[in-house]
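Data block below; observations after.
Laboratory data are not the source of any read-out in this text; all were calculated from the coordinates shown. It should be emphasised that the depicted structure is a prediction, and the values quoted were computed from it without experimental measurement. FYI the Cβ positions are ideal-geometry reconstructions off the backbone, even for glycines, and counts take in every protein chain you see.
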Amino acid sequence: MFTASEVSARTGVLAVTLRQWERRYGFPSPARSESGYRLYSPQDLARIEVMQAFLRDGVPAGRAAELTVRGFLPGEGQPTDNPSTSPAERERAGEAWSGALLRALMTPDMAAASRILAEAQLHLSVEDVLLGVMAPALVNVGELWARGEITIAHEHHASAFLRARITALLDSEGESATGPLLVAACAPGEQHELGLMMLVLVLRRRGVRVTYLGANTPLGDLAIFARQVGAQGILLALNGEWALDATRGQWADLNDLALPLFLGGGLLNARPELAATLGGIYAGPDAAQATQIILARLSGEASEPSPSSLQKAAEQHIQTNTVEEQA
């Protein structure tokens with residue numbers, strides 16, 4: 001039997017979300033210890049994983065719980081009298097939760113922010129919560145700070161909260177035992193890592209074994225580590241000019257690896273041509289495209305970002321990571 005915290009660590013579903021599922025849908029149905037604590041069986045964990053699979057497919061939480069309880073699996077011809085929400089509906093829901101999350105972070109009311117994320121996870125997949133709720137809120141926090149509308153203390157507080165939530169999800173997902181192995185790190189001098197952490201989580205959920213090294217990683221050390229673990233690719237994040245000179249100066253340390261070197265982040269989104277200049281592969285303007293490009297390349301398929309993608313990236317100048325974080 002597993003406690004709620006153990007279930008959360010194994011599945012990535014917050015304990016508060018499990019309680020909400022239980023209250024709203026009668027699922028799961030944990031036993032109770034003599035002290036009154038919830039205890040979940042291995043069968044409960046398996047059904048929670050099925051529930052998550054339905055949510056990732058866009059099935060509303062109530063319907064996903066019904067199908068899970070009835071013993072259906074995703075793709076098994078489950079009843080369609082209550083169709084899943086459309087991508088547009090999920091996007092609108094994400095925008096609403098992201099706005100509420102931003103307001104809570106700026107109040108600041110971290111208890112409210114936690115409740116908002118738990119509510120969003122009831123209805124959205126982990127990827128939708130990451131990319132449709134947390135990432136836009138993070139970008140907005142950075143923009144507020146850049147305009148001088150909030151202090152750096154407010155920005156640090158919000159970033160620390162989001163980083164803790166992303167780290168918990170990364171820890172719960174863990175590294176897959178199979179699949180291609182990718183080593184991910186921030187470039188030398190690059191401290192902004194939240195966007196890369198989100199991408200690492202999405203890749204892990206797609207079956208890629210991603211080892212995450214963190215911020216400000218010397219390329220010589222990165223090369224040694226990649227050789228030691230037998231990596232099949234490297235993912236490097238650069239979010240500002242502050243990381244470019246050191247990256248150029250140390251790039252020769254990666255020359256002998258003979259591995260695909262994926263480059264992403266705010267700086268590459270603004271100047272995607274830098275990837276080819278350095279000798280790497282532009283990973284794309286957002287986590288969704290980056291995942292597709294990386295998966296295709298690691299699986300042996302030809303995959304290069306199209307000119308339209310490069311232009312879109314330059315125009316949008318997506319900078320999820322360009323907010324100040326605590327060291």
Open item on the list: Which residue fluctuates most in the GNM of the chain (Cα springs below 10 Å): Glu49, Glu149, Glu190?
Closed with: Glu149
- [ ] May I ask for the percentage of alpha-carbon pairs in the chain that lie more than 38 Å from each other?
- [x] 18
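Set the Förster distance to 45 Å, then compute FRET efficiency between Glu95 and Phe225 from the Cβ-Cβ distance, nearest 0.05.
Values: r = 39 Å, r/R0 = 0.86.
So the FRET efficiency works out to roughly 0.70.
I need the shape label for region 175-316. Rule: rounded when a/c is under 1.5, else prolate if a/b > b/c, else oblate, with a, b, c from the alpha carbon gyration tensor. Before the final figure, lay out the partial values.
Details: a/c = 1.41, a/b = 1.07, b/c = 1.32.
Because its axes are fairly even, with a/c under 1.5, region 175-316 counts as rounded.
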- [ ] Quote to one decimal, in nm, the extra length available between Arg103 and Ala168 on full extension: 0.36 nm per residue of separation minus the C-alpha distance between them.
- [x] 21.2 nm
Task: Rounded to whole Hz, the Karplus (6.51, -1.76, 1.60) HN-Hα couplings of region 280-290, x for glycine and proline - done: x, 10, 5, 7, x, x, 8, 5, 5, 5, 4
Task: Computed [θ] at 222 nm, deg cm²/dmol, the chain (DSSP H ≥ 4; -39,500 (n - 2.57); rounded to nearest 500) - done: -16500 deg cm²/dmol
Task: Per residue, the convex hull volume that the Cα atoms of region 105-225 enclose (Å³) - done: 103
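In terms of the Cα gyration tensor, with a ≥ b ≥ c the square roots of its eigenvalues, is region 4-69 rounded because a/c is under 1.5, prolate because a/b exceeds b/c, or oblate? Can you show the working numbers first?
Working: a/c = 2.01, a/b = 1.65, b/c = 1.22.
Here region 4-69 falls in the prolate category.
According to the Kirkwood expression over distinct Cα-Cα pairs, how big is the hydrodynamic radius of region 87-170, in Å?
Details: mean 1/r = 0.0788 Å⁻¹.
In region 87-170 this quantity evaluates to 12.7 Å.
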- [ ] Treat each spin label as a single point 7 Å out from the Cα along the C-beta direction, and report the Trp242 to Ser114 distance in nm.
- [x] 3.0
- [ ] For Tyr40, list long-range residues whose amide hydrogen, built 1.01 Å from N in the peptide plane, is under 5 Å from its own amide hydrogen.
- [x] Phe2, Thr3
Open item on the list: I want to verify a result. In a Gaussian network model of the chain, Cα cutoff 10 Å, which of these has the top mean-square fluctuation: Phe54, Phe225, Phe262?
Closed with: Phe225
TODO: Using R₀ = 30 Å, calculate the FRET efficiency as 1/(1 + (r/R₀)^6) where r is the Cβ-Cβ separation of Ala146 and Ser29; round to 0.05.
DONE: 0.05
Open item on the list: Between region 212-277 and region 193-207, what is the separation of their alpha carbon centroids in Å?
Closed with: 16
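Multiplying the sequence separation of Gln43 and Arg56 by 0.36 nm and subtracting their Cα-Cα distance, what value in nm do you get?
On the way: separation 13, 0.36 × 13 = 4.68 nm, distance 2.01 nm.
Additional length available on full extension: 2.7 nm.
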